[in-house]
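Heads up, the thing below is written out as structure tokens.
A short reminder: the numbers here are calculations on the coordinates, not readings from a lab. The shown structure was predicted, so the numbers you read here are calculated from the model rather than taken from an experiment. Here the Cβ positions follow ideal geometry from the backbone for every residue, glycine too, while neighbour counts run over all protein chains shown.
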Amino acid sequence: MSIHVLGIDIGGTKVAICVANEKGEVLASGRIPMQGEYTEVFPKVAELVRKLLSDSGLSQRDVSACGICAPGPLDLKNGLLLRSPNMHWDKVPIRADLEKELGMPVALENDANAGVLAEWFFGSGKGKKDVIYLTMSTGVGSGIVSGGHLITGTTGNAGELGHVVLNPEGPICGCGLRGCVEAYCGGRSLKMRMQDILRFRPDHTIMRLPEVAGDLEKLGFPALIAGCKAKIPLALEMMDEVAFRLAQGIGVALAAFNPELITLGTTAYYAGDLMFKPLMNYLPRFTWSEFSDHCTIALSGLGLRIGELAGASVAFNTLYERGQWQP
Ligand SMILES: [Zn+2]
């Protein structure tokens, strides 16, 4: 008999909801814009859940659990969403409200933890016990599965590899520290660095790329990738530094967790070999072969499907931890 779950993915601009089964198949999905206050959006979430269940021919009793993934920081102990640059709601008790509304267990995790669960259950991590997912977009997020369990830590914030400090004299990070992995490899930091270098150089070949068209606001990873494809020396140099610092961060992860698989999502996935090749060249400087020989480092197996399955994977993790489902 199939097991069904609900997945709710909360982003900066939308709430995406899906009904999925244990094979990672999505039976129905929909989204609503993230507009207005929580008290206005929550009834729409409940309404869309009911519609999706009826579209899939299921009732609430046929669904075993619901998983929510949201950008951090979260208060996992109390199941609250907290205010951040990506979230205008603050201290919203979404877990308790959904439990009451749906009458089923509801779990909450941040995006990167949900991402590693999706890779572990449905992607290239299937059947493995030690898997790390590293995602680079605006920031750098990571989720860690070690010994067959998601590592959450005392307050639910374990796995923040993006804020391992690589150089205390390095560039300032969004978190307030200096020289974090994210300060070198996150999209927001990279954009600021490119803007600093190119602000008064409108004739630079990077500024004249069609992706940039002279607009400093359009600098960032997509522009860097385009610049590397056009073999612009500054772009190649900057990508090289991103790869060097990423290798340094991965060295920390290898030594700490001795994983079997590290999967790279989002920007690394888009950049492909442009980032992956220099990364693999630098890696031996930051880790023993004992670690790297037993670890596959690869671009995400699920690729862009991670987002689709993230919430559902949080739900399946609840069932797994309760002994009600095996991946
Ligand atoms: Zn940081």
May I ask what percent, to the nearest 5, of DSSP beta bridges between residues of the chain are antiparallel?
-> 55
Amide H to amide H under 5 Å from I68: which residues, 5+ apart in sequence or cross-chain, H placed 1.01 Å off N in plane?
-> I8, A107, L108, E109
What shape does segment 284-327 have by the C-alpha gyration tensor, where a ≥ b ≥ c are the square roots of the eigenvalues, rounded means a/c under 1.5, and otherwise prolate means a/b greater than b/c and oblate the rest?
-> oblate
To the nearest Å, what is the center-to-center distance of segment 224-296 and segment 35-61, using C-alpha atoms only?
-> 41
What is the log10 of I(q)/I(0) for segment 103-178, computed with the Debye formula using one identical point scatterer on each Cα and no solvent, at q = 0.17, 0.20 Å⁻¹?
-> -0.71, -0.89
Show the residues, 5+ positions off or on another chain, whose built amide H is closer than 5 Å to the amide H of L80.
-> D75
If we sort 50-57, 258-265, 125-132 on the protection proxy, mean other Cβ atoms within 10 Å, highest first, what's the order?
-> 258-265, 125-132, 50-57
Size of segment 214-327 along its principal axes in angstrom, Cα-based, largest extent first?
-> 54, 37, 18
Rounded to the nearest 10 degrees, what's the angle between the helix 273-282 long axis and the longest principal axis of the chain, both from Cα atoms, 0 to 90?
-> 70
For L150, net neighbour charge (Lys/Arg +1, Asp/Glu -1) across residues whose Cβ lies under 12 Å away | -3
More than 33 Å apart - percent of Cα-Cα pairs taken over the chain = 29
HN-Hα J in Hz across segment 222-233 - Karplus 6.51, -1.76, 1.60, θ = phi - 60°, x for Gly and Pro | x, 5, 5, 4, 4, x, 5, 5, 7, 6, 7, x
With only helices counted (DSSP H, runs n ≥ 4, each -39500 (n - 2.57)), the per-residue ellipticity at 222 nm for the chain, to the nearest 500, works out to -12000 deg cm²/dmol
What percent do you get for the relative contact order of the chain when only Cα pairs under 8 Å and 6+ apart count?
-> 19
Tilt, helix 111-122 to longest principal axis of the chain (alpha-carbon atoms), in degrees rounded to tens, equals 70
State the percent of C-alpha pairs, over all pairs in segment 124-299, separated by a distance greater than 27 angstrom.
-> 27
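With only alpha-carbon atoms in the gyration tensor, what are the semi-axes of the equivalent ellipsoid for segment 1-154, in Å, largest first?
They are 23, 21, 14 Å, listed largest first.
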Residues whose modelled amide H sits under 5 Å from the amide H of T296, counting only those 5 or more places away in sequence or on another chain, are L261, I262
A correct Karplus calculation of ³J(HN,Hα) over segment 294-302, with 6.51 cos²θ - 1.76 cosθ + 1.60, θ = phi - 60°, whole Hz and x for Gly and Pro, returns 9, 10, 8, 10, 8, 6, 3, x, 8
Determine which residues of segment 280-308 fall in the zone a paramagnetic label at K129 would reach in this model, i.e. backbone nitrogen under 17 Å from the point 7 Å along Cα→Cβ.
-> 294-296
